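Here is the structure we will look at, set down as structure tokens.
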Amino acid sequence: MYRTVVKRMMVVMVVVFLMITPLLAGGQGDKAEGGPTALTLWTSNAIHGEFYMDAAKRWNSEYPDQQIELEVVTTPNVEMHNQLTLAFQAGVGAPDIVDININFFSNFLKGDIQLVPLNDVVDPVRDSFVESRFDIYSKDGKVYGLPLHVGATVVYYNMEMMDKAGVDVEAIKTWDDFEAAGRKVRDTLGIPMTIIETADQRPFWPMIVQRGGDYLGPDGSVTLDSDINIEVLERLHSWMFEQKIAVGAPGGKTWAEEFFPFMNNGGFAALIMPTWYMSRFLEFMPDIAGKIAVRPMPVWEEGDARSCGIGGTGSSVTTQSEHIELAKKFNAYAKLTVESNKKLWEIMRFDPPRWDGVWDSPELLKPDPYFYNEPIFEMLIELAEADQIPSPNSGELLADAQTVVRNSVSYWVFEDQSRTPEEALREAAAELRRK
């Protein structure tokens, strides 16, 4: 009885909070007489907010009869998604548009889906996009989120270090080649070749997807403990503890505050991460500008993909919006048009999911001074044309799968070493299957 009363009181408090939050923020869906329509957008990344505000400015210039006043609310990642969950449970307080991280997106495709299908804005331009980036935000043929980037995973080589170690980056074609180069860097320079996230999921996730493995199968079934996944994790374990060509990322992840100075000061020689990580180089690692060359992932064997799309956010329109059609139109304008996709590169150095009219444009083919003064998109066009950028499978358990890898598997294998790679994956997969 006591628990029931407390639970009801908590629900009431949440509802009241969510009801007054839009009022404190200036009101959701308000429209002054003859003025712009107010739309609220939630995101967890400040640079995403800059991109959306730029899109709103361009929208108002192009559509003077459909002016919007976009309010971008930036909240830390986990907190924002928790607030969205509470708003959906309460039936009030959700924004018009929300930028949902792929780590959480599948949570919002369960039960009563409170996101608006976007097929009517996607289908006319679908053939101009990397299709797999729509798939990860879809369910039963309905698209619920618009992608922010492809997230093609690449290797960032510090060419100053490669040259000092006598390593020819162009000769690194396979992971065996990468390991041999790593041993040369280790022996010559006394530093590791690369890092492994011990509190996150890279490079494990992109390396299994590249090879045809994944956390889930195409049908959403749990495949976390597949032979491919076990072999890849055993290889990464070997890098750290046997070959000693890798170390754990300071802070456990590539977005930890401790990590940026480690790479900026030459703590290791090569980083395996998606192309969206370019914005982190520009913002946090100025001392290695001009030294970083971007190359495709090495392969396990001939026929493997040389990249894969990892990470992302899907911008969605919520069913609580009072201006669903306008929110859909603006969302499509910000994420699907040629100009906006060029802005993704210009503002954030994200690889745009729209390739037609974008990837081969002069703006994207310019040599990039930070990244070894090379035109990055010549390489990405080659990968895309060869269908070499697969994306992970989606499903209702995807968020849970990522959580168990980040919080359990990586810790067990790389931190406390309490389980072998196979034991860790078997245990984590069993946990997922019980959900």
* Hey, could you check the stretch 316-348 for residues that are of a type in the set (Asp, Glu) and either assigned to a helix (DSSP H, G or I) or modelled with pLDDT under 95 (or both) and say which is surrounded by the fewest Cβ atoms within 10 Å (Cβ to Cβ)? => GLU325
* Asked: So which residues in the stretch 277-297 are in contact (Cβ under 8 Å) with a residue 40 or more places away in the chain and in contact with a strand residue (DSSP E or B) (Cβ under 9 Å, 6 or more places away or on another chain), if there are any at all?
  -> TYR277, MET278, PHE281, ILE288, LYS291, ILE292, ALA293, VAL294, ARG295, PRO296, MET297
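Residues are listed down the side, and each one gets a yes or a no for (1) hydrophobic (A, V, I, L, M, F, W, C); (2) within 18 Å of the chain's Cα centre (by Cα); (3) not in a helix (DSSP H, G or I):
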| residue | (1), (2), (3) |
| --- | --- |
| PHE350 | yes, yes, yes |
| PHE371 | yes, no, yes |
| MET379 | yes, no, no |
| GLU396 | no, yes, yes |
| ASN407 | no, yes, no |
| GLN417 | no, no, yes |
* Which one is most open to solvent (accessible area, probe 1.4 Å), of the residues in the stretch 358-389 that are of a type in the set (Asp, Glu) and touching a helix residue (DSSP H, G or I) at 6+ places or on another chain (Cβ under 8 Å)? -> GLU378
* Could you pull out every one of the helices (runs of 4 or more DSSP H) wholly within the stretch 57-127 that has 3 or more residues that are within 25 Å of ALA38 (Cβ to Cβ) and open to solvent by less than 40 Å² (accessible area, probe 1.4 Å)? => 77-90
* To do: Kindly indicate whether PRO95 is out of contact with any Lys or Arg (no Cβ under 9 Å at 6 or more places or on another chain) and under 24 Å from LYS142 (Cα atoms).
  => yes
* Which ones in the stretch 130-146 are open to solvent by less than 10 Å² (accessible area, probe 1.4 Å), touching a helix residue (DSSP H, G or I) at 6+ places or on another chain (Cβ under 9 Å) and modelled with pLDDT under 95? -> PHE134, ILE136, TYR137
* **In the stretch 183-215, the residues that are in a loop (DSSP other than H, G, I, E, B), closer than 26 Å to GLU302 by Cβ, in contact (Cβ under 8 Å) with a residue 40 or more places away in the chain and of a type outside the set (Ser, Thr, Tyr)** => MET193, ARG202, PRO203, GLY212, ASP214
* Does ARG235 count as surrounded by fewer than 21 Cβ atoms within 10 Å (Cβ to Cβ), part of a helix (DSSP H, G or I), of a type outside the set (A, V, I, L, M) and within 16 Å of the chain's Cα centre (by Cα)? -> no
* Asked: Does ALA199 satisfy the criteria of being of a type in the set (A, V, I, L, M), open to solvent by 20 Å² or more (accessible area, probe 1.4 Å) and in contact with a helix residue (DSSP H, G or I) (Cβ under 9 Å, 6 or more places away or on another chain)?
  -> yes
* **Of all residues in the stretch 238-253 being small (Gly, Ala, Ser) and assigned to a helix (DSSP H, G or I), the one that is nearest to GLU431 (Cα to Cα)** => GLY252
* Any residue in the stretch 23-51 that's more than 26 Å from GLY314 (Cβ to Cβ): show its pairings with residues that are modelled with pLDDT under 90 and surrounded by 20 or more Cβ atoms within 10 Å (Cβ to Cβ) at Cβ separation under 6 Å, as long as the two are six or more apart or on different chains. => none
* Residues of the stretch 238-271 classified as of a type in the set (Phe, Trp, Tyr) and open to solvent by less than 30 Å² (accessible area, probe 1.4 Å), total -> 4
* To do: For the stretch 295-302, state whether one or more residues are more than 21 Å from LEU148 (Cα to Cα), among the aliphatic types (A, V, I, L, M) and at pLDDT 95 or above.
  => yes
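The values are calculated or read from the model by the stated rules, or taken from the named source; none is laboratory data. For clarity, every value in this text was computed on a predicted model and none was experimentally measured. Methodologically, a virtual Cβ is constructed for each residue, glycine included, from the backbone with ideal geometry; neighbour enumeration extends over all protein chains shown. When the accessible area is computed, the model is the full protein with side chains, heavy atoms only, and any ligands, DNA or RNA have been set aside. Shrake-Rupley method; radii C 1.70, N 1.55, O 1.52, S 1.80 Å.
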